[in-house]
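The values are calculated or read from the model by the stated rules, or taken from the named source; none is laboratory data. Predicted model, so just to flag it, every value in this text is computed and none were measured. Counting neighbours? That spans all protein chains shown, and the Cβs are built from the backbone with ideal geometry, glycine included. Heavy atoms of the whole protein, side chains included, go into the accessibility calculation; ligands, DNA and RNA do not. Shrake-Rupley method; radii C 1.70, N 1.55, O 1.52, S 1.80 Å.
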Amino acid sequence: MRVVPFLVSTVVTAGLVFGLNKRWGAIPAMGNFLSPQHGFWQNAEATDHDFNADLQFPGITGKAEVYFDDRLVPHVFAENDHDVYFIQGYLHAKFRLWQMEFQTFAAAGMVSQVIGEGDEGQYLKYDRSMRRLGMVHAAELTLEEMNKIPAVKAQADAYTEGANAWIDNLKETELPLEYKLLGYKPQHWSNLKTALLVKYLAYDLSGADDDAEYTNARNVLSAIDFEKLYPVIQDSLKPVVPNTPDNPYPKAPAFNLGKPAAADSTYFTFRKDTITNLLPQPDKNNGSNNWAVSGTKTASGAPILCNDPHLGLNLPSIWYEMQISTPDFNAYGVSFPGAPNIIIGFNDSIAFGITNSGRDVKDYYEIRFRDENMNEYMFDSVWQRTEKRTEIINIRGKKPLLDTVAYTVFGPVIYDHRFPISQGSDKYYAVKWKANDPSNELAMMYEWNRAKNYTDYIEAIKYLTCPGQNLAFASKNGDIAIWQQGDFPAKWRRQGDFFMEGLDSSYLWRGIIPQSENPHMLNPSRGYVSSANQLSTDSSYPYYTGNSFPVYRGYTINRNLDSMHHIRINDMERLQTDNYRVLAEFSKDILMQVDESKLGNDEKKYLDIYKSWNFRNDISEKGATVFDIWWKELEIAIWADEINGSNLPMPWPNESTLVESLHKDSAYRFIDNIKTPEKETLQDMLVISLKNATEKLRKAETEGKLEWARYKDTKVQHLLKIPAFSRLHVPVGGGSGVINATKMDHGPSWRMVVHLKDDTEAYGVYPGGQSGNPGSRYYDNFIDTWAKGEYYTLWIMQQSDGIEKKVKWVMRFAKG
């Protein structure tokens, strides 16, 4: 971002923020913000900004150098672990301080402290829900676990020391723009803040749930209709780990799961709760693709590993790219500002990538208290004492809110008479979430960065308990593997899909599935491993794994990998950015049954566009827009009368449910609209849905948005949703159910391809830039490359390379 446009856009933004004072709460004094000496002007970074520095800190124990390349990627070389993590903390704070701290506010339920309670109290509601979910308490337990392993505690201490070295020497002119805009200053970093960010990752990747919506659906629908709308297994599923003779599933659960038949009967007649106060949720699209192909399928004979995690498209970027190296290890990839280690990447021996498992590890239980004081609750026929924790929620411009949370055997009480599940409700519900248990995910990353082989990889991943992830692995000795790793509750079918009775242990988890029985594969005969957030197993797996998983990305990846041989890097890059929409292929025979004699000229025009479409969500394709709108209108025409008729929040069926249901039954029970006297047929619904779609298509065409990229209108937004600090209208293909899962504000947050030859060859890109400063040209300079589906070569520097042409700046650290 160049200096003059930045200054102009910031002045405009300042005016908007001040003008929208109600939205953002209290605003800093204009004089401070506009001060030439200390205000936002100082954040405009010249294109020839000099990052060279010779630095001395008491915390440094040896000599260390940081070599920045032309993309501002740091290559850190230190003599020991302490110094490399000190420098990682220092660099994260230097380039991403506001982002680091703001994300801890989000994790800890402290957003209202910074930006106020919101026009409709939405930020305060968010903060209360995070406190009641137990985020801070869970982080405190995680910190205790971190302290039990000396190496993990030492790295966290060094990281915190480095971050604070930057904060303590931060000049007011260097204060990130967002602090000036919102009128507050950074606080010291701490190991607890790092633990909070680890828990925030768990929340973002395992905090979503549909229990409330499914409970409402259960109350409205018959059990038969419920199963039709929300089937557990999809016909088109290609599981992460198939059940094969050379890699069979466990034959039976490791312990007794209870009596599912009796439980189901009780479960489906449990009290009819009405749930309208839905909690804020992380994006349900949070997922990823990863795969590793063995040398038997590559042209070089060496494995290739690929990963692209799908998260919110944000600025500052979620990730910070870097290389960290000591005599003991050398790791490259992306790090998470606020925490040490490389999260996704590779070292000199292995490569590692992650996708979200999507497993349900959060359940709700109705609690019966003796009275509204919530001091005692009934469990197993005995009044049990609660533990209480008073959460102090500071609200900008108002007095703090004191919110007392009661803790039970299940976990914290998230809904009570002060925070009701629906208006006027007097019911109490506790949440049992695996992330609330003590854990030490930082230990996994510490060991993973140093792993040299499959045995090291297995030992490292045992530390991962929540969020559950599909961990892809490849090594230079030729091994490829994938494990779905985490602490997963052993459940019977549908356990945890609905709110449950908490009077006794009937519905409690019976235990955690043994790690050895988690789905996994090592060197499969098919020559690859892969995952794309689909269900990890088929119905022969002896444990219940959940009820709604995306299927089409995984299907498309596996179909391609099955047929690929002599694979090269560019083959993997093309696959990772592929825009083919397999749902369109599967559904064409259904849509082509539309009766054209009942269509007007406009409907026929858009139908012709659809007919000539190649099923690809490429940038300029108009057929992609026609299909997307038409298919959504068909779903609405068929399902809305049942799902929306109750006026209660209910889940929308899975992406594959309609096409699979119509292929199995052309007289699908939900085709008929129960709100009309006629009995509609599929042909009626196809005509109705295309006519409804045509209205939206006309509007899109009038606005010049019929081409797919213009209709989808992808944007990479600043965390505060400030347009001037965002990149809007990014021309990029992709979409839902597509390998290139780029939606409006969500998509591949880091693309990486690693070729594990003797000399590692790697490529990557993310939609942002290394700097968190909107006034820097390194703020968003990767976005155009990312949007075009191109990659940067990842320079794995050796310290012996010395200062060569690729090095733009050098920071030297020494004890002082």
In segment 664-747, which trypsin sites (Lys or Arg not before Pro) fall in coil by DSSP and have 15 or fewer other Cβ atoms within 10 Å? 669, 675, 679, 721
In square nanometres and to one decimal, what's the mean projected area of the convex hull around the Cα atoms of segment 354-416? 7.1
Stokes-Einstein D in µm²/s, Kirkwood radius over Cα pairs - segment 386-442 at 10 °C with 1.306 mPa s viscosity: 121
Starting from the amide H of residue 488, placed 1.01 Å from N in the peptide plane, find each other amide H under 5 Å away whose residue is 5 or more places distant or on another chain. 513
Just to confirm a number: summing +1 for Lys and Arg and -1 for Asp and Glu over residues other than residue 379 whose beta-carbon lies under 10 angstrom from that of residue 379, what do you get? -2
Would you please report the Å³ per residue occupied by the convex hull of the alpha carbon atoms in segment 274-322? 136
Tell me the label-point distance for the pair residue 680, residue 566, using the 7 Å Cα-to-Cβ offset, in nm and rounded to one decimal. 5.2
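Which three numbers, in whole Å and largest first, are the semi-axes of the equivalent ellipsoid of the chain derived from its Cα gyration tensor as √(5λ)?
Here the semi-axes work out to 40, 33, 30 Å.
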List, in order, the whole-Hz ³J(HN,Hα) value for each residue of segment 289-306 obtained from phi through the Karplus relation with A = 6.51, B = -1.76, C = 1.60 and θ = phi - 60°; use x for Gly and Pro. 10, 8, 7, 9, 10, 7, x, 5, 10, 9, 5, 8, x, 10, x, 10, 10, 10
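Which chymotrypsin sites (Phe, Trp or Tyr not before Pro) in segment 666-740 pass both tests, a DSSP loop state and at most 10 other beta-carbon atoms within 10 Å?
Here no loop site has a sparse enough neighbourhood.
Would you work out the Kirkwood radius for segment 482-604? I mean one over the mean of 1/r across all pairs of different Cα atoms, in Å. It would help to have the intermediate numbers written out before the result.
Details: mean 1/r = 0.0533 Å⁻¹.
Every distinct Cα pair counted, the radius reaches 18.8 Å.
Under the definition of Cα pairs under 8 Å and six or more residues apart, what whole-number percent is the relative contact order of the chain? Don't skip to the answer; put the middle values down first.
Details: 1730 pairs, mean separation 166.6, N = 816.
Relative contact order, the chain: 20 percent.
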The number of Lys pairs in segment 134-203 whose alpha carbons lie under 27 Å apart, excluding pairs fewer than 8 residues apart on one chain, is 10
With a 1.4 Å probe and all protein chains kept in place, how much accessible area does residue 153 have, in Å² rounded to the nearest 10? 70
Note the per residue figure in Å³ for the convex hull of the C-alpha positions in segment 66-205. 128
About the Cα centre, charge dipole magnitude for the chain (Lys/Arg +1, Asp/Glu -1 at Cβ), debye: 760
Dipole magnitude of segment 66-205, debye to nearest 20 (Cβ charges: Lys/Arg +1, Asp/Glu -1, about Cα centre): 360
Estimated [θ] at 222 nm from DSSP helical runs (n ≥ 4, -39500 (n - 2.57)) normalised by residues in the chain, nearest 500: -10000 deg cm²/dmol
Hey, what's the chain come to in accessible area per residue, 1.4 Å probe, Å²? 37
Please work out the C-alpha center-to-center distance from segment 749-800 to segment 121-191 and express it in whole Å. 27
Using +1 at the C-beta of Lys and Arg and -1 at the C-beta of Asp and Glu, which of 765, 224, 729 has the Cα lying farthest in the positive direction of the dipole of the chain? 729
Please identify every one of the chymotrypsin sites (Phe, Trp or Tyr not before Pro) in segment 81-167 that sits in a loop by DSSP and has no more than 14 other beta carbons within 10 Å of its own beta carbon. none
Inter-site label distance for residue 705 and residue 462 at 7 Å from Cα along Cβ, in nm: 5.3
Given the options 488, 518, 500, identify the residue whose Cα lies farthest towards the positive end of the charge dipole of segment 482-527 (+1 on Cβ of Lys, Arg; -1 on Cβ of Asp, Glu). 518
State the answer as a single residue: which of 163, 755, 201 lies farthest towards the positive end of the charge dipole of the chain, with beta carbon charges of +1 for Lys and Arg and -1 for Asp and Glu, about the Cα centre. 163
Descending accessible area (1.4 Å probe), largest on the left, turns 255, 57 into 255, 57
Put 520, 729, 746 in order of accessible area, largest first, probe 1.4 Å, and you get 729, 520, 746
